[in-house]
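**Student:** The following block contains the structure, expressed as structure tokens.
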Amino acid sequence: DYARFRSGAMPRLGTEVVVFGYPLQGVLAYGANVTAGIISGLAGPGNDRRVVQHTAPVQPGNSGAPLLDRQGRVVGVVVSKINAWQTARRIGDIPQAINFAVRLQQIRAFLQANNVPAATGGDAATQSIADIAESSARFTVLLECWR
């Protein structure tokens, strides 16, 4: 099995998304986790248009995880979340649900530049989060770096 990418434009503001990844290995149970949220912003810090903001909770270890639409198609790749401590010291409040993913167009450009074929399309029907998690488990793997 392999991931399919959403064809066409990036999902619009408010689109439901799902993250499937392997956060906090060794702290949480070993294995995958799934979370859901929405596309909450169409740019990242400093109006960076290479990323989108989403509310699906992510933790260390989620970097590289697919950000999927409710049809199970990749619309981004998780890269970071806002530094809550640093932001709280600066603005006096703890930010919530501010996470970032590389935008679909950036991923496509990277794959094309490296001659990596990418499938698009797939089922247009909305899937349950459980079904998306089940299919994502077939194309998402845990990679760990050891020193």
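**Student:** Does the range 2-15 hold any residues that are more than 15 Å from the chain's Cα centre (by Cα) and on the phi > 0 side of the Ramachandran plot, and which are they?
**Tutor:** If the condition is that a residue be more than 15 Å from the chain's Cα centre (by Cα) and on the phi > 0 side of the Ramachandran plot, then 8 is the only one that fits.
**Student:** Any idea how many residues of the range 16-45 are of a type in the set (A, V, I, L, M, F, W, C), open to solvent by 30 Å² or more (accessible area, probe 1.4 Å) and on the phi < 0 side of the Ramachandran plot?
**Tutor:** 8
Listed here are the residues, each with its yes/no results for (1) open to solvent by less than 40 Å² (accessible area, probe 1.4 Å); (2) free of Cβ contacts under 8 Å to residues at least 60 places away in the same chain.
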residue	(1), (2)
90	no, yes
94	no, yes
97	no, no
107	yes, no
122	no, no
125	no, yes
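**Student:** One residue is enough: does the range 87-102 have a residue meeting the conditions under 13 Å from residue 66 (Cβ atoms), outside any helix (DSSP H, G or I) and β-branched (Val, Ile, Thr)?
**Tutor:** Yes: one or more hits.
**Student:** In the range 16-48, which residues are part of a loop (DSSP other than H, G, I, E, B), touching a residue at least 12 places away in the same chain (Cβ under 8 Å) and over 13 Å from the mean Cα position of the chain (by Cα)?
**Tutor:** Listed by number, the residues that qualify are 24, 32, 42, 44.
**Student:** Restricting to the range 103-116, and then to whatever is assigned to a helix (DSSP H, G or I) and either aliphatic (A, V, I, L, M) or closer than 23 Å to residue 40 by Cβ (or both), can you tell me which residue is farthest from the chain's Cα centre (by Cα)? Even if it seems obvious, please write down each step before you answer.
**Tutor:** Looking only at the range 103-116, we keep the residues that are assigned to a helix (DSSP H, G or I), and these are 104-113.
Retained after the next criterion (residues that are either aliphatic (A, V, I, L, M) or closer than 23 Å to residue 40 by Cβ (or both)): 104-109, 111, 113.
Working: 104: 10, 105: 14, 106: 13, 107: 12, 108: 15, 109: 17, 111: 17, 113: 21 Å.
Per the criteria, the residue is 113.
**Student:** Taking the range 56-88 only, how many residues are open to solvent by less than 40 Å² (accessible area, probe 1.4 Å) and more than 10 Å from the chain's Cα centre (by Cα)?
**Tutor:** The total comes to 6.
**Student:** In addition: Report, by residue number, each residue of the range 127-140 that is among the hydroxyl-bearing types (Ser, Thr, Tyr), more than 14 Å from the chain's Cα centre (by Cα) and surrounded by 15 or more Cβ atoms within 10 Å (Cβ to Cβ). If you could, list the steps in order and put the result at the bottom.
**Tutor:** Of all residues in the range 127-140, those among the hydroxyl-bearing types (Ser, Thr, Tyr) come to 128, 135-136, 140.
Filter again for more than 14 Å from the chain's Cα centre (by Cα), leaving 128, 135.
Within the range 127-140, just 135 meets the criteria.
**Student:** Quick test of your reading of the structure: residue 117 fulfils all but one of (1) under 16 Å from residue 2 (Cβ atoms); (2) out of contact with any Gly (no Cβ under 9 Å at 6 or more places or on another chain); (3) surrounded by 12 or more Cβ atoms within 10 Å (Cβ to Cβ). Name the failing condition by number.
**Tutor:** All conditions are met except number (3).
The values are calculated or read from the model by the stated rules, or taken from the named source; none is laboratory data. None of these values were measured; they are calculated from a predicted model. Note that each Cβ is placed from the backbone with ideal geometry, even for glycine, and that neighbours are counted across all protein chains shown. Protein only, heavy atoms only, side chains kept; ligands, DNA and RNA dropped before computing areas. Shrake-Rupley method; radii C 1.70, N 1.55, O 1.52, S 1.80 Å.
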